[in-house]
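The values are calculated or read from the model by the stated rules, or taken from the named source; none is laboratory data. Please read these numbers as outputs of a predicted model, since none were measured by experiment. Cβ coordinates were reconstructed from backbone atoms using ideal geometry, including for glycine residues, and neighbour counts include every protein chain displayed. Calculation scope for accessible area: heavy atoms of the full protein, side chains included, ligands and nucleic acids excluded. Shrake-Rupley method; radii C 1.70, N 1.55, O 1.52, S 1.80 Å.
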Amino acid sequence: DVYKRQVSTQSTWGIIIKLDKDIINKMATDKYTVHYFDIYGRAEAIRIAFWLAKVEFNDNRMTREQFAELKASGKLPFGQVPALEKNGKFYAQSTPIVRWVCQTHNLYPTDPDHIYHVEVATEVINDIRQKVMKAWFSPPEQKEEAMKKLLAEEVPPQLKALENYFTQYCGENAWDKNSIGFADIQMVDFFSSIFLHPDRVATFGAVVEANAPNFKKYLDNLVNGPFKDYLASRPSCSF
């Protein structure tokens with residue numbers, strides 16, 4: 001039955017996204033809610049993953065008071081957000097949630113070599129994120145100097161290493177060659193929310209351009225191609 005087999009859709013960027021009709025039908029009956037604050041933060045990759053998978057979900061952007069109430073209910077596995085609620089059951093930890101969405105919607109590879117390749121993206125982002133967050137949340141009297149050091153000394157070597165890896169192993173329109181998925185979602189999430197954010201692109205974006213030009217072209221292809229509609233329609237947040 002063709003209806004039960006995988007079907008392919010191809011964007012104008014030549015990237016094939018495979019969707020399984022059985023999975024689509026099953027997911028249509030599930031009810032999802034992403035619980036987080038009204039920022040991009042650690043929930044944005046989950047939102048992007050659901051959007052790319054064409055799965056409807058409730059985007060619950062809470063106030064601090066609402067979060068305290070939810071936490072007090074004992075429903076959050078580790079007392080923190082983001083959390084995914086599926087049919088009343090709560091799941092925690094942002095990256096495993098994104099990975100699960102991708103694995104259940106053919107946006108995650110099955111070959112071990114490809115799995116390693118896309119998981120590299122996760123670790124690269126985590127390494128850079130740690131340095132960015134450390135500088136970002138420095139004491140007020142130290143923040144300006146910390147941000148200067150971040151962009152001048154700490155991030156460039158990581159971007160150069162990323163550029164080297166990307167040039168050897170990745171495709172210009174998708175991290176895993178011509179298959180959009182898990183790694184691309186995380187790259188779009190992190191870099192569009194931090195480095196390419198309109199408030200920071202003149203400084204952060206320039207550092208990416210200078211140290212990882214091929215990787216920057218790949219990012220541009222993603223944000224102006226398969227992820228363009230999502231990025232244009234999402235609520236505007238500062239980070």
Quiz item: Inside the range 42-60, can you point out the residues that are touching a residue at least 40 places away in the same chain (Cβ under 8 Å), open to solvent by less than 60 Å² (accessible area, probe 1.4 Å) and within 20 Å of Ser238 (Cβ to Cβ)?
Solution: Ala43, Glu44, Ala45, Ile46, Arg47, Ile48
Practice problem: Please specify each residue of the range 164-195 satisfying the condition of being open to solvent by 10 Å² or more (accessible area, probe 1.4 Å) and among the β-branched types (Val, Ile, Thr). | Solution: Thr167, Ile194
Quiz item: Which residue, of Pro226, Pro235, Pro198, Pro156, is of a type outside the set (A, V, I, L, M, F, W, C), open to solvent by 10 Å² or more (accessible area, probe 1.4 Å) and within 14 Å of the chain's Cα centre (by Cα)?
Solution: Pro226
Quiz prompt | Members of the range 116-133 found to be crowded, with 16+ Cβ neighbours inside 10 Å, more than 12 Å from the chain's Cα centre (by Cα) and among the aliphatic types (A, V, I, L, M), listed by number | solution = Val118, Val120, Val124, Ile128, Val132
Practice problem: Filter the range 65-79 down to the residues that are loosely packed, with under 13 Cβ neighbours inside 10 Å and touching a residue at least 12 places away in the same chain (Cβ under 8 Å), then identify the one that is nearest to Asn126 (Cα to Cα). | Solution: Phe78
Quiz item: Say we look at the range 102-119 and pick out the residues that are of a type in the set (A, V, I, L, M) and touching a residue at least 60 places away in the same chain (Cβ under 8 Å); which of these is farthest from Tyr169 (Cα to Cα)?
Solution: Leu107
